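The values are calculated or read from the model by the stated rules, or taken from the named source; none is laboratory data. What you see is a predicted model; the values in this text were computed from it and never measured. Using ideal geometry, Cβ is built from the backbone for each residue, glycine included, and neighbour counts are taken over all protein chains shown. The accessibility values were calculated without ligands, DNA or RNA, using every heavy atom of the protein model including side chains. Shrake-Rupley method; radii C 1.70, N 1.55, O 1.52, S 1.80 Å.
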Amino acid sequence: VEWTPEKGWYDARVTPYAPLSIDPATAVLHYAQEIFEGMKAYRHEDGSVWTFRPEENAARMVRSARRLALPELPVGDFVASVDALVRADERWVPEPAGEKSLYVRPFMFASEVFLGVRPSQHVTYLVIASPAGAYFSKGPQPVSIWLSEDYTRAGRGGMGAAKTGGNYASSLVAQQEAIAEGCDQVAFLDAAEGKYVEELGGMNLYFVQDDGTIVTPATSGTILEGITRSSIIELCGKLGHRVVERPFTVDEWRDGVASGSITEVFACGTAAVVTPVGTLKWRGGSVGEGDQTGPVTQQVRTALVDIQYGRAEDTFGWMHRVV
Ligand code: PMP
C-alpha cells in the first residue's frame with residue numbers, strides 16, 4: 001500500500017514475495033523514518049487460523065506513526081492487510097505441533113526519493129511473513145542476560161515506546177557485547193539514572209516475589225508497551241496473582257535473586273512468548289543459575305499459549321479468526 005498527502009492510502013495489493021527496487025536517495029535509507037510490528041498467526045487443531053489481538057498491534061503502529069511523523073494506517077485497514085496476506089496462502093501457517101506459527105511483520109517506511117531532512121511525502125506500507133518455531137535455540141530453557149551499563153536504549157522524549165528500527169539499531173552493540181559475554185540477551189537500564197530496569201532487546205520483564213506479588217517495570221514512554229506484557233497482566237489477574245507495575249531497580253533484581261526474595265524472573269514477547277530468565281550477569285558479577293522454569297512462569301506460559309493455540313477458552317476475546 002502506498003501513501004501520499006494528496007491521495008492518502010492507495011494501491012493495496014497482494015503480490016508474490018520479491019526484492020524491492022529502491023532508489024539510493026530513498027529517505028528511509030538515510031534518516032530511518034520507519035516503523036514496524038511483529039505478530040503471529042496460529043493454526044488450531046481444527047485447521048482454523050487466528051491472530052492474537054491484532055487491533056493492539058494496529059493501535060501501537062498508529063502510536064509509532066505519530067512519533068515518527070508517518071501517516072496513520074486505520075486499525076481496520078491494518079487488520080485487513082494482515083488477514084489478506086495470511087489468506088493469500090494459508091498453507092504457510094504451520095501445524096500447531098511444537099508451537100510453530102506464522103510470524104507476520106507489517107512495516108511502513110519513508111519511500112520518498114529526497115535527501116532533505118523532513119517527513120517523507122511518500123510512504124510505503126508492506127506486510128511480509130515467515131513460518132517460525134521457538135525463538136531461542138534452547139527452546140523455553142532459561143536465558144542468560146547481560147546488563148548493559150554503557151548503552152541505553154531510549155531516553156525521555158525519545159522513541160522508546162515506538163516500534164522503530166532506530167531503537168534496535170541503538171541496541172545492537174549492546175547485544176553484541178552480551179553475546180561476547182556468553183549471554184543470550186541484553187537488559188537495558190533507564191537513561192536518566194542508570195538505575196531502573198527497562199526491558200530486554202526484544203522482550204519485557206516480569207519478577208515474581210516470594211510474597212506472591214509479580215512486578216513488571218512501569219511504562220514511562222521509554223519502553224515498548226508489549227502486547228504480551230499487557231496480556232500477561234490481565235492473565236495473572238485471572239490466575240489470582242497480584243501484578244504491580246512500578247519502577248524496578250537493578251539492585252532489587254540482583255539482591256532479590258541473591259537473597260531468594262525474587263523466586264522467578266521471566267521475559268515475554270510475541271517471538272519469545274514467555275521465557276524464563278536464568279542468570280543476570282554484569283561486569284564483575286552474576287546472580288542466578290537456575291536451569292529450570294519456575295511454577296509461575298510455567299503457569300503463565302501455558303495459560304497464554306493455550307489461548308493462542310485454541311486449547312483453552314478465550315474468555316478475553318483476544319483471538320481474531322482469519323481462516
Ligand atoms: N520490547 C521490545 C524492545 C520488543 O522488541 C518487543 C517485541 N515486539 C517487546 C518488548 C515485546 O512486545 P510484544 O509482546 O508486543 O511482542
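Numerical summary
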read-out: Residues within region 37-69 that are farther than 28 Å from T222 by Cβ and either more than 16 Å from the ligand (Cβ to nearest atom) or charged (D, E, K, R) (or both), tallied; value: 8
read-out: Enumeration of residues in region 167-199 that are among the charged types (D, E, K, R), more than 12 Å from W146 (Cα to Cα), in contact (Cβ under 8 Å) with a residue 12 or more places away in the chain and out of contact with any Asp or Glu (no Cβ under 7 Å at 6 or more places or on another chain); value: K195
read-out: Selection from region 212-236 of residues that are under 18 Å from G194 (Cβ atoms) and among the aliphatic types (A, V, I, L, M); value: A218, I223
read-out: Odd one out for Q308, checked against (1) under 17 Å from F207 (Cβ atoms); (2) within 16 Å of the ligand (Cβ to nearest atom); (3) in contact with a strand residue (DSSP E or B) (Cβ under 6 Å, 6 or more places away or on another chain); value: (1)
read-out: Pairs with Cβ under 9 Å, 6+ apart, first in region 46-67 and closer than 18 Å to Y103 by Cα, second of a type in the set (G, A, S) and more than 11 Å from the ligand (Cβ to nearest atom); value: S48/G310; V49/A41; W50/A41; W50/G310; T51/A41; F52/A41; E55/G76; A58/G76
read-out: Count of region 304-323 residues which are surrounded by 13 or more Cβ atoms within 10 Å (Cβ to Cβ) and out of contact with any Cys (no Cβ under 9 Å at 6 or more places or on another chain); value: 13
read-out: Region 237-263 residues that are within 15 Å of K195 (Cβ to Cβ), paired with ones that are among the aromatic types (F, W, Y) and surrounded by 15 or more Cβ atoms within 10 Å (Cβ to Cβ) (beta carbon under 6 Å, 6 or more apart); value: P247/Y196; T249/Y196
read-out: Scan of region 54-102 for residues that are hydrophobic (A, V, I, L, M, F, W, C), open to solvent by less than 30 Å² (accessible area, probe 1.4 Å) and not in a helix (DSSP H, G or I), ordered by number; value: L68, L70, L73, V93, L102
read-out: Residues of region 21-53 that turn out to be among the charged types (D, E, K, R) and open to solvent by 30 Å² or more (accessible area, probe 1.4 Å), as a count; value: 4
read-out: Top-ranked residue in region 267-292 [being of a type in the set (S, T, N, Q) and closer than 29 Å to A129 by Cβ; ranked as nearest to the ligand (Cβ to nearest atom)]; value: T270
read-out: Boolean, Y17 is among the aromatic types (F, W, Y) and part of a strand (DSSP E or B); value: no
read-out: Region 175-207 - residue that is crowded, with 22+ Cβ neighbours inside 10 Å and among the aliphatic types (A, V, I, L, M) and, of those, nearest to the ligand (Cβ to nearest atom); value: M203
read-out: Residue that is most open to solvent (accessible area, probe 1.4 Å), among those in region 103-146 that are of a type in the set (F, W, Y) and modelled with pLDDT of 95 or more; value: F114
read-out: Among (1) away from the ligand (no atom under 13 Å from the Cβ); (2) within 28 Å of R87 (Cβ to Cβ); (3) surrounded by 18 or more Cβ atoms within 10 Å (Cβ to Cβ), the one test that T263 misses; value: (2)
read-out: E234 being within 16 Å of the ligand (Cβ to nearest atom), surrounded by fewer than 23 Cβ atoms within 10 Å (Cβ to Cβ) and not in a helix (DSSP H, G or I); value: no
read-out: Unmet requirement for A18, which otherwise passes all of (1) surrounded by 12 or more Cβ atoms within 10 Å (Cβ to Cβ); (2) of a type in the set (A, V, I, L, M, F, W, C); (3) more than 16 Å from the ligand (Cβ to nearest atom); value: (1)
read-out: Out of T216, T263, T228, T302, sole residue that is modelled with pLDDT of 95 or more and out of contact with any helix residue (DSSP H, G or I) (no Cβ under 8 Å at 6 or more places or on another chain); value: T302
read-out: Among (1) within 14 Å of the ligand (Cβ to nearest atom); (2) out of contact with any Lys or Arg (no Cβ under 9 Å at 6 or more places or on another chain) - the single one G157 does not satisfy; value: (1)
read-out: Filter result (under 14 Å from G269 (Cβ atoms), in a loop (DSSP other than H, G, I, E, B) and small (G, A, S)) within region 205-231; value: G226
